[in-house]
1. Would you mind checking the tilt of helix C:130-146 against the longest principal axis of the Cα atoms of chain C, expressed as 0 to 90 degrees and rounded to 10?
2. Would you please state the base-10 log of I(q)/I(0) at q = 0.03, 0.06 1/Å for the protein assembly as shown, with intensities from the Debye formula using one equal scatterer on every alpha carbon?
3. Enumerate the aspartates and glutamates that C:Lys203 could reach by cross-link, defined here as Cα to Cα under 18 Å, with residues fewer than 8 away along the same chain left out.
4. Any number yet on Rg/Rh for region B:116-214, C-alpha, Kirkwood?
5. Across the residues of B:78-86, average count of Cβ atoms on other protein chains within 10 Å?
6. So which GluC sites (Glu not before Pro) in region B:81-153 are both in a DSSP loop and have at most 15 other Cβ atoms within 10 Å of their Cβ?
7. From the label point of B:Glu71, set 7 Å along Cα to the beta carbon, how far off in nm is each other copy's matching point, shortest first?
8. In nm, give the distance between the simple-model label positions of B:Val321 and C:Glu34, each being 7 Å from the Cα along the Cα-to-Cβ direction.
There are 4 protein chains.
Amino acid sequence: MKNTFGNSISVTLFGESHGSHIGAVIDGIAPGIEIDMDYIHNKIDQRRPQGKISTARVEADEPNFVSGVFEGKTTGTPLCIIMENSNTKSKDYSKTKDLMRPGHADFTAIEKYHGFADYRGGGHFSGRLTAPIVAAGAIMAKALENKGIFIGTHIKRCQNISDRPFGDLKSDIKKLNTPAFPTLDDRAGAEIVKIIETAAAEKDSVGGILETAVTGIPSGVGEPWFDSIESVLAHGLFAVPAVKGVEFGAGFAFADVRGSQANDSFYMDGDTVKTKTNNNGGINGGITNGMPIVFSTVIKPTASIFRPQDTVDIAKMENAVLELKGRHDPAIFHRARVVIDSITAICLCDMLCQRFGTDWLADKEG
Amino acid sequence: MKNTFGNSISVTLFGESHGSHIGAVIDGIAPGIEIDMDYIHNKIDQRRPQGKISTARVEADEPNFVSGVFEGKTTGTPLCIIMENSNTKSKDYSKTKDLMRPGHADFTAIEKYHGFADYRGGGHFSGRLTAPIVAAGAIMAKALENKGIFIGTHIKRCQNISDRPFGDLKSDIKKLNTPAFPTLDDRAGAEIVKIIETAAAEKDSVGGILETAVTGIPSGVGEPWFDSIESVLAHGLFAVPAVKGVEFGAGFAFADVRGSQANDSFYMDGDTVKTKTNNNGGINGGITNGMPIVFSTVIKPTASIFRPQDTVDIAKMENAVLELKGRHDPAIFHRARVVIDSITAICLCDMLCQRFGTDWLADKEG
Amino acid sequence: MKNTFGNSISVTLFGESHGSHIGAVIDGIAPGIEIDMDYIHNKIDQRRPQGKISTARVEADEPNFVSGVFEGKTTGTPLCIIMENSNTKSKDYSKTKDLMRPGHADFTAIEKYHGFADYRGGGHFSGRLTAPIVAAGAIMAKALENKGIFIGTHIKRCQNISDRPFGDLKSDIKKLNTPAFPTLDDRAGAEIVKIIETAAAEKDSVGGILETAVTGIPSGVGEPWFDSIESVLAHGLFAVPAVKGVEFGAGFAFADVRGSQANDSFYMDGDTVKTKTNNNGGINGGITNGMPIVFSTVIKPTASIFRPQDTVDIAKMENAVLELKGRHDPAIFHRARVVIDSITAICLCDMLCQRFGTDWLADKEG
Amino acid sequence: MKNTFGNSISVTLFGESHGSHIGAVIDGIAPGIEIDMDYIHNKIDQRRPQGKISTARVEADEPNFVSGVFEGKTTGTPLCIIMENSNTKSKDYSKTKDLMRPGHADFTAIEKYHGFADYRGGGHFSGRLTAPIVAAGAIMAKALENKGIFIGTHIKRCQNISDRPFGDLKSDIKKLNTPAFPTLDDRAGAEIVKIIETAAAEKDSVGGILETAVTGIPSGVGEPWFDSIESVLAHGLFAVPAVKGVEFGAGFAFADVRGSQANDSFYMDGDTVKTKTNNNGGINGGITNGMPIVFSTVIKPTASIFRPQDTVDIAKMENAVLELKGRHDPAIFHRARVVIDSITAICLCDMLCQRFGTDWLADKEG
């Protein structure tokens, strides 16, 4: 479905970095869900550029609900969010439009769209399109919270600095759900900020690994094969620009251990079946087991750097050197974390409604 | 779509480990594609248990094409493959059916299916269902080869033993496409076999990391957001039992480098645009750039081990100890690699036909 | 999705008239639904050829559930039904394979599949593939009956003979759910049988109009635009071979009346909102209003007739005359009615589960 | 997919009659297709209210392309069209919001959306949402014309007045593609206008039957079962408000004839296979045979009439009488015809691109 994601609930994305508007259509969401503007603004603020470790392009990102909302609540009909693009400096791009930016989609866009795509600011491939994803995700994340399901993402590692692991998930997720720099350990956060600043000072960029936890998810959600929870979440997560890896639970570290260490033993906690460890990240056979869902994503270093780079001039079909101007982030993983949260909320709402019906999401007694 | 995967070309999977048959329906494949039984058997042999590092359950796995094939070629109508389950020992399972095997889907299946699922041998969750995936993938991989697209997967690492990296892809992929143990360096292969044998001797199991390369894929294939090549491939790959992580190109190592190292510089190779490095694994902005697609998957240690394990008795709702009998693999990554190849072939055929039309796959002139 | 239909619950169809097997995969059906073989056989009998007004080819049509059923109930995993093709006389077809049968899909199959399709007996286009549809529909119709939803179809008209209109739906639907000739008025039925016999005697065939009623369907099911109940039902109904028209409620007669006659006035029947008339066939704005769903379908005369017909020889690319041999029905609408019922059951199960969740269908308290 | 339609190319609809905007997102359309504003305006004019036989609510309906268009051509990325709602008189509706309008979706919307939907002017169910369908369809219809495929719809019948049948399709379709009243015979048109005026004068409304023809469509397009051309077209057509019946070729009249009359004999016209008659409307076995596609749709009388009507007050749960004020059409079939054309263009583009690939639509040589 190309730019549409989800079955019971779907999100369709549209827009270009320098077009008049960007936006998203949410379809299939239950009627009667409150549109909590404070909640949505808090999420949008988590994605907002932050001082000198971010781009100078700052957009209002105010979501305008042109349909599907009536008297402050979802109607159940398609909900279209549009956001204006106001702070565009298209001239920055036209000068270098034939120089393919390494690590970006300039070249692949030309190959796919035969040169008809809007190249300004990365066009449809711009990270700006994550803003409507965040607005859409905020509506769904709030609805999930009403059902006791909470999502939070921290920076797990950047270069040689690691944040502390998740501990008490309830308080950790609460701490993460503010626009502050998203580490659990503030000192680790300060060091990662320094890494970003140093890279920026050296006209370079850095990447990082994010870790996400979801609590309160019921067991029995997901499908055995092609719509496993891992499949559907990964599908959504790899749609986020710069995500190049996704792992659940112990992930790639499973290559280092034996089955006797990897298996999560079950035990009874009162009437509830739990596992002693959570190496499988809350998922067995593609289906939730009731333990927290835990996964990591890697965000590659921002492709836009201010150093001269070897590339090609696609009009002249010859080698060239590119020196970027414009406004760019030296790192985006700290901003991307709320996009990861949003994609997670969208996926889970979809899979929960497939299982429990459309109206489940709005049902207060849940 | 639950157990159906793909748009232009789709695969629907069905069956249980101890039912009468397992199988798959391929829909949307072009008419006139040759069914090369030698090619298919070679693929099925790559998945077959191998001596003492594998389960003692050996199935014929002979694919029976009950529809969609006429006079040795695809007809263009739905192609149903069925395989008999003959060598089943269901008694092994009934004794312990209430003891939830750690790391398996026993518990989540009960939560999802309320106790109605066939529990014998893991039922629908059994790795046996990868046999029809391999048969389906073989038809598509052969069709891709006719178009100059080749896929190969080797064991990248198991515990502390790493295979050598991919070198000349043409010869490496050729070497991998036999039933031999899938490493590029035979000595590394022998050491990994030893690791598996040691684990087996100690009633335990091991996991590993697989690396896959695809050559000959045209540029411009994939979608910018939700159907990025990464999204669609990851969706399929995470459907494979025991896959817990997927990374493209440098993957999680992107957290260790700067943008100036991570970006793949473009250059002209005659009339062709290429990149000097391939850290992005042949994909920019979710779309192929013409360089080889490269990705890694991690396969967790087989969940079935012969050591006593803590678990719960789901009927009595109390803690219990499980001692597995039966026939199990101490490692499955070496068998899983052809499943990864198959999923890759299925995904790519689907995305290529979306782009170029249904008949493209059968078109000899390519 | 080509040969797959449905979202929450889907049916994938496969097979050819003269292949080894035909079948269907049901995916997404709730676990714990009883497989009532008497009920299924009754439905299969409704589709069975009937004496001299039907083809002489009689198949056992015994559904073999190769997956998704365990201990007599659905497991919740994909349910594959296969049926053997035993009574095939392929020689009948090979002689005339280049002569395109008028009204059949021979020519369009060649255009679509470039000559690779199995031509014997119409191949994948054969009405035989409605047998697994009926088996799949029977499972769903039974589950709907457990929820108080009943479906029945009668012959509304053939040539100048009309059956009496639906009266008391409960008893009318009960009367129709047997293998007897499906009219409400037995005398009308006898006259229609005569029409068929006369046509058969004159080496010709006839068509007819079927009318279907569904009682007990809750209000509020369906979507406002592209997945209106009418859209989804019509999508399924037009998949049935020989269906060339579908109308809901008054249908094409809406061109003869004014709004004041066409509108169905609402009134309170105790606490329930009902309509005085049901010209809209139980559907307003694409969504059920709680009144019975009523629609008609037209089944064209069987294309296979024994008279000489003008056509082309597709190999020689020249005009030719075709004289059919073999075994053919002089009418199929009386057999098609259970296929219409089955498609209706499949559609409604899908839309109800989308609304109320997967498990709703199995929920006894419902 | 609820409010999204199509596979290769999809259209997602959003908006409410009295919200700020209505619109649609087209996804999957090839890059490089010219946005011909004159062509689009002509189509929009065909849907525009016409003097005294139409509502007094006249909207600019100017399509604003907020994404997916660059320098006058499609980019290949999602194309979002928005249109402003300016001429809204919401007060007309709030007075009678609890009185369920017979024949409308007021009641079913409450049942589905539990009272949260925007009731003003029919909300999401309003015929106003056909305006973005027409804009979307115009882009596709123009692209089809560039490939030699033409679509036209006339009024076949209203009450006892029938238009003349289609004759020379090329000139007939040309005649229909203007904002003039859509009959082939101007005198029949004048009489139908009189029927509408008389109904309007008597505070009533009328319906009618539309007939559509498509020329130039290649043979071999469509799928054998669930995605037959009839299935996909009917799915789209029944999404249009007030459509209650769809028939292909001879349609319901197939019940009146025998197979020997119904079958379309093939013959050679030079190198091309044609049929002598076209009772099957250009479709055999769900697949195009190269003859013109011909189908009819019935549009019921406008539900909004100015006579007092019996209904219920849904708040008080008691019987009531409704007297509508506001602005309403006494007939909509003459305006609906361009919506039918648009849905047809959308469906055919989708099915053609599935077959021939995404880029086919933009390919000039085609």
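FYI, it's all coordinate maths here, none of it is from the lab. Note that the structure is predicted; figures quoted are calculated from it, not measured. Using ideal geometry, Cβ is built from the backbone for each residue, glycine included, and neighbour counts are taken over all protein chains shown.
1. 10 degrees
2. Each listed q maps to, in turn, -0.13, -0.53.
3. C:Asp92, C:Asp310, C:Glu323, C:Asp329, D:Asp256, D:Asp264
4. 1.05
5. Partner Cβ neighbours, averaged per residue: 4.
6. none
7. 5.0, 5.0, 6.8
8. Inter-label distance under the simple model: 4.3 nm.
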